[in-house]
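J.: I have a structure I would like to understand better, so I am pasting it below and will then ask my questions one at a time.
The values are calculated or read from the model by the stated rules, or taken from the named source; none is laboratory data. Quick caveat, the model's predicted, so the values are computed rather than measured. Counting neighbours? That spans all protein chains shown, and the Cβs are built from the backbone with ideal geometry, glycine included.
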């Protein structure tokens, strides 16, 4: 019976993946993919449906995502789970494709239930889909969206990151005026002319009830987040201007970026606690908040800090800092205001784990490991944090069955989804107009972390890319195949002794089916396409 089932899966998978010769053996590639999508569908209560229902998930994903194989089953399975959930949030509208954050309509969203808060994550994750129209439409959508600045959003930088994978100068040219006007509006409304730093409320930064913010009535602050985002906007606009021949804008925006970089490093860095912190805006005379929060890693997301600030990363290894069983906490546990509770507002950033912050921090950590010399943490620490993140993607349902799950804030000690618990308990009193609000929550990245961090596919400007895997040294194999990047199909695999993929031993990069680079060991490879 089992052989019959596996044969049926193999036949179905072969029909779906009828394209170039595959590197990953069928049982670990197409068959695993087919089995997992069927499993996700069978375990799902499909409450809300956008453009691609569960019945079409396998066909859509087979046409759009890279296959992934590695020795860690949890990471491999969550990789496919996150693509399966991302697909749920693709919505085709009369104005093109958009990506939603929540499945049910929420009152703080704008047109088509869109929210700008997680849009950068949507773009980074979705740029790896083969169908580039989905994300290019989404980037265009935000150029006319009236609610684009309801939350912090690094718009131009996200579009540039998309361009590095799916080159589209026309898109950048069409959007260029919007990038400039969007940054200009932020500068006008949220930049303090006295200290030249940007301020924002923690809620508008997507981080309600933070210790440095509204939890202690310090509603507005000069935060490392918004200032890093605005640095990234200026840098991106300068780079896009150079690509488009808008020479008059190149230096002014580069200068703006340089000024913000200096301000972040000088004004928001606490040399005593060795951490980036929030400076409260309401009457604290330039004094930094007295707590380390995970948002302090955001500057590394954009390679802002100098080498000597890297000591901050020791806190992700410290259980009194941010390390926990189910992920990185949003505030350091040693702080007396750190809290895990199920009372009050359902969104709390004063201790619980949030996938949003985890994905920012792991992107930042990959940058540290790729671009900095001073590294108080290692690639093994990256892997352990990614593994912990993957292991958090579960829920024990009402029937006592453990199923794959992604939701809002999470208990760092037992993996319980706190927001869900609060909303279920309080559902009779308020917000009962939607069921399972956070189910399949699209507020973070995971697969971009696998692709750019773990596997190490890092697209550069122009026609080049770098491959620098952050996998454990004892891994005998991994493979990411058929990634559409810069107009080519790219496959990356490591086979320590050649027995897994039967194409030789070592690290290989294939471009359009031909070997473009090879090393006998795991190391950084620079490749011109």
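J.: Filter region 374-398 down to the residues that are at pLDDT below 95 and either part of a loop (DSSP other than H, G, I, E, B) or not assigned by TED's automatic domain parsing to the domain that holds residue 440 (or both), then identify the one that is surrounded by the most Cβ atoms within 10 Å (Cβ to Cβ). If you could, list the steps in order and put the result at the bottom.
T.: Narrowing region 374-398 to residues at pLDDT below 95: 374-375, 396-398.
Keeping just the survivors that are either part of a loop (DSSP other than H, G, I, E, B) or not assigned by TED's automatic domain parsing to the domain that holds residue 440 (or both) gives 374-375, 397-398.
Values: 374: 12, 375: 15, 397: 12, 398: 6.
Across region 374-398, the extreme among qualifying residues is 375.
J.: Here is a list of conditions, (1) touching a strand residue (DSSP E or B) at 6+ places or on another chain (Cβ under 9 Å); (2) free of Cβ contacts under 8 Å to residues at least 24 places away in the same chain, and residue 510 meets all of them except one; can you say which number that is?
T.: Checking residue 510 against (1) touching a strand residue (DSSP E or B) at 6+ places or on another chain (Cβ under 9 Å); (2) free of Cβ contacts under 8 Å to residues at least 24 places away in the same chain, the one that fails is (2).
J.: Considering only residues of region 183-199 that are assigned to a loop (DSSP other than H, G, I, E, B) and touching a strand residue (DSSP E or B) at 6+ places or on another chain (Cβ under 9 Å), which is surrounded by the fewest Cβ atoms within 10 Å (Cβ to Cβ)?
T.: As a first pass, look at region 183-199 and keep what is assigned to a loop (DSSP other than H, G, I, E, B): 192-197, 199.
If we keep only those that are touching a strand residue (DSSP E or B) at 6+ places or on another chain (Cβ under 9 Å) as well, we get 192, 195, 197, 199.
On the way: 192: 12, 195: 14, 197: 22, 199: 22.
So the residue we want is 192.
J.: Ok, one more. What number of residues within region 362-373 satisfy the criterion of being over 15 Å from the mean Cα position of the chain (by Cα) and either in a helix (DSSP H, G or I) or crowded, with 22+ Cβ neighbours inside 10 Å (or both)? Spell out the reasoning first.
T.: Initially, region 362-373 is screened for residues over 15 Å from the mean Cα position of the chain (by Cα), giving 368-373.
Subsequent filtering for residues that are either in a helix (DSSP H, G or I) or crowded, with 22+ Cβ neighbours inside 10 Å (or both) retains 368-371.
Qualifying residue count, region 362-373: 4.
J.: State all residues of region 496-529 that are under 15 Å from residue 482 (Cβ atoms) and not in a loop (DSSP other than H, G, I, E, B); if no residue qualifies, say none.
T.: Answer for region 496-529, where residues must be under 15 Å from residue 482 (Cβ atoms) and not in a loop (DSSP other than H, G, I, E, B): 508, 509, 510, 511, 514, 516.
J.: Shifting gears a bit: Run down 142, 154 and say which single residue is over 23 Å from residue 93 (Cα atoms), buried (at least 20 other Cβ atoms within 10 Å of the Cβ) and modelled with pLDDT of 95 or more. Walk me through how you get there before you give the answer.
T.: Details: 142 fails: over 23 Å from residue 93 (Cα atoms).
The conditions single out 154.
J.: What number of residues within region 279-327 are more than 26 Å from residue 448 (Cβ to Cβ), touching a strand residue (DSSP E or B) at 6+ places or on another chain (Cβ under 8 Å) and either assigned to a helix (DSSP H, G or I) or touching a residue at least 12 places away in the same chain (Cβ under 8 Å) (or both)?
T.: 8
One line per residue, one yes/no per condition, for (1) within 26 Å of the chain's Cα centre (by Cα); (2) crowded, with 18+ Cβ neighbours inside 10 Å:
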position: 223; (1), (2): yes, yes
position: 226; (1), (2): yes, yes
position: 234; (1), (2): yes, yes
position: 237; (1), (2): yes, yes
position: 244; (1), (2): no, no
position: 254; (1), (2): yes, no
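J.: Right, next: Determine, yes or no, whether residue 415 is touching a strand residue (DSSP E or B) at 6+ places or on another chain (Cβ under 9 Å), crowded, with 16+ Cβ neighbours inside 10 Å and assigned to a loop (DSSP other than H, G, I, E, B).
T.: For residue 415, the condition - touching a strand residue (DSSP E or B) at 6+ places or on another chain (Cβ under 9 Å), crowded, with 16+ Cβ neighbours inside 10 Å and assigned to a loop (DSSP other than H, G, I, E, B) - is met.
J.: Kindly list the number of the only condition in (1) within 23 Å of residue 410 (Cα to Cα); (2) modelled with pLDDT of 95 or more; (3) surrounded by fewer than 22 Cβ atoms within 10 Å (Cβ to Cβ) that fails for residue 341.
T.: If we test residue 341 against (1) within 23 Å of residue 410 (Cα to Cα); (2) modelled with pLDDT of 95 or more; (3) surrounded by fewer than 22 Cβ atoms within 10 Å (Cβ to Cβ), just (2) comes out false.
J.: Pick from region 23-38 the residues that are in contact (Cβ under 8 Å) with a residue 40 or more places away in the chain and out of contact with any strand residue (DSSP E or B) (no Cβ under 7 Å at 6 or more places or on another chain): which of them is surrounded by the fewest Cβ atoms within 10 Å (Cβ to Cβ)? If you could, list the steps in order and put the result at the bottom.
T.: Restricting attention to region 23-38, the residues satisfying the condition of being in contact (Cβ under 8 Å) with a residue 40 or more places away in the chain are 23-25, 28-29, 32-33, 36-37.
Those left that are additionally out of contact with any strand residue (DSSP E or B) (no Cβ under 7 Å at 6 or more places or on another chain): 25, 32, 36-37.
Working: 25: 15, 32: 22, 36: 21, 37: 24.
Here the answer is 25.
Conditions tested, residue by residue: (1) outside the structural domain of residue 78 (by TED's automatic domain parsing); (2) touching a helix residue (DSSP H, G or I) at 6+ places or on another chain (Cβ under 8 Å); (3) at pLDDT 95 or above.
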residue: 416; (1), (2), (3): yes, no, yes
residue: 423; (1), (2), (3): yes, no, no
residue: 426; (1), (2), (3): yes, no, no
residue: 441; (1), (2), (3): yes, yes, yes
residue: 472; (1), (2), (3): yes, yes, yes
residue: 480; (1), (2), (3): yes, yes, yes
residue: 488; (1), (2), (3): yes, no, yes
residue: 495; (1), (2), (3): yes, no, yes
residue: 504; (1), (2), (3): yes, no, yes
